[in-house]
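J.: Dropping a structure here in structure tokens format, bear with me for questions.
The values are calculated or read from the model by the stated rules, or taken from the named source; none is laboratory data. Only a predicted model underlies this, so the values are computations on that prediction, with no experimental measurement involved. Glycine also receives a Cβ, built like all others from the backbone with ideal geometry; neighbour counts cover every protein chain displayed. To get the accessible areas, we keep the full protein, side chains included, count just its heavy atoms, and leave off ligands, DNA and RNA. Shrake-Rupley method; radii C 1.70, N 1.55, O 1.52, S 1.80 Å.
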Amino acid sequence: MEASAGRRQLLFQTGNLGKLAEARHYFEPLGFTVEQFLINGEPPEIIEPQSDDLVTVARSKISQGVALLAGAGRADSALLVEDAGLFIDVLGGFPGVYSSSVLEKLGLDGILTLLQGREQRTALFGCCAAMWDGERLLIGEGNCTGEIAQEARGEHGFGYDPLFIPDVSGADGRTFAQMSPEEKGRSSHRTRAYEQLVLQIG
Ligand code: ITT
């Protein structure tokens, strides 16, 4: 891992600036500088495999990313990728690994419409984070269970946050988007996945 002035540099291969902000929030106090991985000023195009498993998708993203790093002569840099998804029980786990395109095409209102009249609204947010530390591939997984709100609420966060009420103590029925970044960070699927990664970093 590259280090400057005692801080380690971590490149995050993502096009999602909400994820980037949360990665910075988590890793920077641990002594990392987190930068978005860009090639010619753009996040590199990554082909996501057809799979209903976050780990398979994250592994594919990191191997494509490491090949790009190597092509850029930076194979010894540390690289982070992740794949996340919202799995709604009554919809058989939908949108799951399709969360990104479903959010783009149906939006939060589309999810609320699919759940109209449903009492059963339990869901799980899952995250698989994969890190290349310059020598080894590390995998961390994290989940957060909760339920889908009756309407979108809150201004913080990104993506599905206005719909997701985590079932953690102190949430008091608030969505992730109604919580500060610190509060979401205490219990999120992403934090749990990152915690597993950090345990493996040398
Ligand atoms: P990448 O470039 O990193 O792949 P992405 O936005 O495509 O970014 P994912 O496939 O991992 O990322 O995420 C699936 C969708 O779930 C996407 O629309 C995200 O905005 C959303 N999402 C992921 N983590 C979330 C979180 O913590 N809170 C709310 N929505 C989240």
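J.: If the cut-off is a Cα-Cα distance under 17 Å, which lysines reach LYS184, setting aside same-chain residues fewer than 8 apart in sequence?
T.: Here the lysines satisfying the reach criterion relative to LYS184 are LYS19.
J.: Moving on to the next point. R0 = 30 Å: FRET efficiency of ARG7 with VAL55, Cβ-based, nearest 0.05? Walk me through the numbers before you get to the answer.
T.: Numbers: r = 29 Å, r/R0 = 0.97.
Taking R0 as 30 Å, the efficiency between ARG7 and VAL55 is 0.55.
J.: Roughly what would the spin-label model give for LEU17 and GLU48, points 7 Å off Cα along C-beta, in nm?
T.: Between LEU17 and GLU48, the label points sit 2.0 nm apart.
J.: Rounded to the nearest Å, what's the spacing between the alpha carbon centres of the stretch 111-142 and the stretch 177-200? Just the number, please.
T.: Their Cα centres are 12 Å away from one another.
J.: Which one, ALA75, VAL168, GLY146, is farthest towards the positive end of the dipole of the chain when Lys and Arg carry +1 and Asp and Glu -1 on their Cβ?
T.: Highest projection toward the positive end goes to ALA75.
J.: What's the extension gain from GLU182 to GLN196 if we count 0.36 nm per residue and subtract their Cα-Cα distance?
T.: Values: separation 14, 0.36 × 14 = 5.04 nm, distance 1.86 nm.
The GLU182-GLN196 span can extend by a further 3.2 nm.
J.: How far, in nm, would the chain grow between ARG136 and GLN120 when pulled straight, counting 0.36 nm per residue and subtracting the alpha carbon separation?
T.: Values: separation 16, 0.36 × 16 = 5.76 nm, distance 4.19 nm.
Stretched fully, the ARG136-GLN120 segment lengthens by 1.6 nm.
J.: Continuing with the same structure: Enter the accessible area of ASP53 (Å², nearest 10), with the probe set to 1.4 Å and all protein chains included.
T.: Taking all protein chains as shown, ASP53 has close to 60 Å².
J.: Could you give the dipole magnitude of the chain about its Cα centre, charging the beta-carbon of Lys and Arg +1 and that of Asp and Glu -1, in debye to the nearest 20?
T.: Working: 17 positive and 28 negative charges, 46 e Å.
Dipole about the Cα centre, nearest 20: 220 debye.
J.: Once phi is turned into θ = phi - 60°, what whole-Hz ³J(HN,Hα) does the Karplus curve with 6.51, -1.76 and 1.60 give for every residue of the stretch 141-148, x standing for Gly and Pro?
T.: Karplus-based 3J(HN,Hα) across the stretch 141-148 equals 10, x, 10, 9, 8, x, 8, 8 Hz.
J.: Now, a different point. Summing -39500 (n - 2.57) over the DSSP H runs of n ≥ 4 in the chain and dividing by its residue number, what mean residue ellipticity at 222 nm do you reach, to the nearest 500 deg cm²/dmol?
T.: Values: 6 runs with 63 residues, N = 202.
Mean residue ellipticity, 222 nm, calculated: -9500 deg cm²/dmol.
J.: Using 7 Å Cα-to-Cβ label points, what is the ASP76/ALA152 separation (nm, one decimal)?
T.: About 4.6 nm, to one decimal.
J.: Under a 1.4 Å probe, what is the accessible area of the chain per residue, stated in Å²? Walk me through the numbers on the way to the answer.
T.: Numbers: 9860 Å² over 202 residues.
With all protein chains present, the chain gives 49 Å² per residue.
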